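Remarks on the structure that follows.
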Amino acid sequence: MTDNTHDLDPLGGNVLSIALICPSEQRRRTIASALNSAHAAIVREYSSYPPTLKEMPRMLGEKAFDAVIIDLESDVEYALELVEFVASGSSTTVMVYASRLDPNLMARSMRAGAREFLSDPIDPGNLSDAMVRASSRRQGGKSAKKAGGKILVFLGSKGGSGVTTVACNFAVALVQECQQTAVLIDLDLPLGDAALSLGLTTQFSTADALQNADRMDSNFFSKLLTTHSSGLPVLAAPGRFPQVQASNDQIEKMLTVARQDFAYVVIDAGSRFDLTDASWFAQADTAFLVMQAGIPELRNSHRLISEFFKSGTPQLEIVLNRYVKSSMGVDEEHIEKALTKPIAWKIPSDYYNVRRMQNEAVPLALDDSSIAKVLQDMARAACGMPAKPEKRKGFSLFK
């Protein structure tokens with residue numbers, strides 16, 4: 001058992017105290033060497049696991065370590081039991097180490113309570129970031145960012161209104177047009193289609209976030225996300241019926257963390273009608289009610305507006321989807337009169353391009369169609385930018 005003390009402290013405070021538990025001398029040297037390079041820790045090395053879980057506190061002694069790194073390679077099952085034991089009994093940051101990045105092992109470690117996953121080769125930048133996060137937790141969150149990101153909710157008046165298509169493409173446009181950090185969260189539970197619409201294969205889902213709401217933080221949240229080629233991070237809905245019931249408190253904890261890390265949190269809420277007591281919905285900045293021009297949609301939209309928007313918060317913007325002026329059975333004037341609200345956005349009907357997106361998972365917001373123009377303008381308006389100027393139409397000498 002050895003102590004390695006370092007003078008430099010890039011964390012802006014006292015150096016971290018770290019317990020390194022690793023039976024393999026070679027792996028222990030690898031991890032210790034990486035920590036030495038970080039210049040931010042006093043490391044106490046342990047060359048064996050405790051004989052039993054109950055022996056762990058006695059082995060570590062009375063010292064309250066800021067972080068405990070547990071090697072998984074020597075005995076995966078027992079090591080994961082140690083992770084869960086330490087994580088459940090204290091606020092100590094638990095990190096795990098494996099020689100290679102194994103998604104399944106990462107998932108199991110995360111569920112056991114690990115907050116950081118280290119693997120070969122240990123990247124100095126990633127390790128430094130992990131140290132910063134551990135330092136933030138040690139200081140009781142004093143260095144954590146304030147929640148300031150805007151929450152933008154997309155709500156459908158009826159199943160099939162196109163809310164997922166609109167929400168996904170709006171979020172892509174937000175990243176592309178505004179150059180802002182944004183995340184798309186699929187709350188259309190239990191089986192939302194945001195990931196499918198964007199052509200993403202995801203490992204984790206909203207269910208993982210909600211099941212682990214009590215230990216949700218920026219690092220944990222980031223590991224649940226899958227990034228689209230456009231640069232948009234996505235938290236997908238589960239691919240099968242989840243075993244967890246989403247409570248408003250769980251959702252609020254997740255969104256609090258998301259707002260810390262992203263300037264805009266875009267939520268695909270699907271056709272939810274359980275928002276009466278949802279404080280997270282009341283805290284949203286803007287709600288986009290997506291509807292089509294039909295009697296069922298008008299009726300449902302009127303009910304939603306009467307029920308959820310009495311107080312004026314969140315701000316309501318009505319999106320008329322699949323708009324065709326000449327063939328609408330109900331004109332815009334009658335729609336606005338029925339809803340007592342103006343139509344903020346009209347997304348034109350374009351069956352070919354929408355079907356192409358559904359089949360090829362190519363976001364509409366990235367092309368040059370009339371739909372893309374509206375979605376881009378919606379995103380620009382949301383982040384305070386003027387609408388995109390119309391492209392000048394050229395002329396030809398030849399008729």
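The values are calculated or read from the model by the stated rules, or taken from the named source; none is laboratory data. All values derive from a computational prediction rather than experimental measurement. Every residue, glycine among them, receives a Cβ derived from its backbone with ideal geometry; neighbour counts consider all protein chains shown.
Would you check if Asp277 is closer than 23 Å to Arg108 by Cβ and surrounded by fewer than 15 Cβ atoms within 10 Å (Cβ to Cβ)? No, not satisfied.
Okay, residues lined up against (1) touching a helix residue (DSSP H, G or I) at 6+ places or on another chain (Cβ under 6 Å); (2) of a type in the set (A, V, I, L, M); (3) free of Cβ contacts under 8 Å to residues at least 60 places away in the same chain; (4) within 24 Å of Glu317 (Cβ to Cβ):
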site	(1), (2), (3), (4)
Ala213	yes, yes, yes, no
Pro238	yes, no, yes, no
Asp249	no, no, yes, no
Lys253	yes, no, yes, no
Asp261	yes, no, no, no
Val266	yes, yes, no, yes
Gln283	no, no, no, yes
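Remark: Leu316 matches the filter, which requires a residue to be at pLDDT 80 or above and surrounded by fewer than 22 Cβ atoms within 10 Å (Cβ to Cβ). Picking from residues in region 72-94 that are touching a Lys or Arg at 6+ places or on another chain (Cβ under 8 Å) and not small (Gly, Ala, Ser), the one that is farthest from Ala112 (Cα to Cα) is Glu73. Criterion applied to Arg356, Arg322 was being at pLDDT below 75 and either loosely packed, with under 14 Cβ neighbours inside 10 Å or assigned by TED's automatic domain parsing to the domain that holds Ala195 (or both), and the one residue passing it is Arg356. Where helices (runs of 4 or more DSSP H) fall wholly inside region 50-129, the ranges with 1 or more residues that are over 27 Å from Thr202 (Cβ atoms) are 56-60, 76-89. Residues considered: Val257, Val265, Val175. Of these, the only one that is within 11 Å of the chain's Cα centre (by Cα) and within 25 Å of Arg380 (Cβ to Cβ) is Val265.
Restricting attention to region 267-288, the residues that are in a strand (DSSP E or B) and closer than 20 Å to Phe220 by Cβ add up to 1. Quick one: which of Glu333, Glu297 is more than 23 Å from Ile251 (Cβ to Cβ), modelled with pLDDT of 75 or more, out of contact with any strand residue (DSSP E or B) (no Cβ under 9 Å at 6 or more places or on another chain) and of a type in the set (Asp, Glu)? Only one candidate passes the filter, namely Glu333.
Within region 205-252, the set of residues being out of contact with any Gly (no Cβ under 9 Å at 6 or more places or on another chain), under 25 Å from Ala130 (Cβ atoms) and of a type in the set (Lys, Arg) comprises just one member, Lys223.
Among the residues of region 3-28, those that are at pLDDT 90 or above and outside any loop (DSSP other than H, G, I, E, B) comprise Ile18, Ala19, Leu20, Ile21, Glu25, Gln26, Arg27, Arg28.
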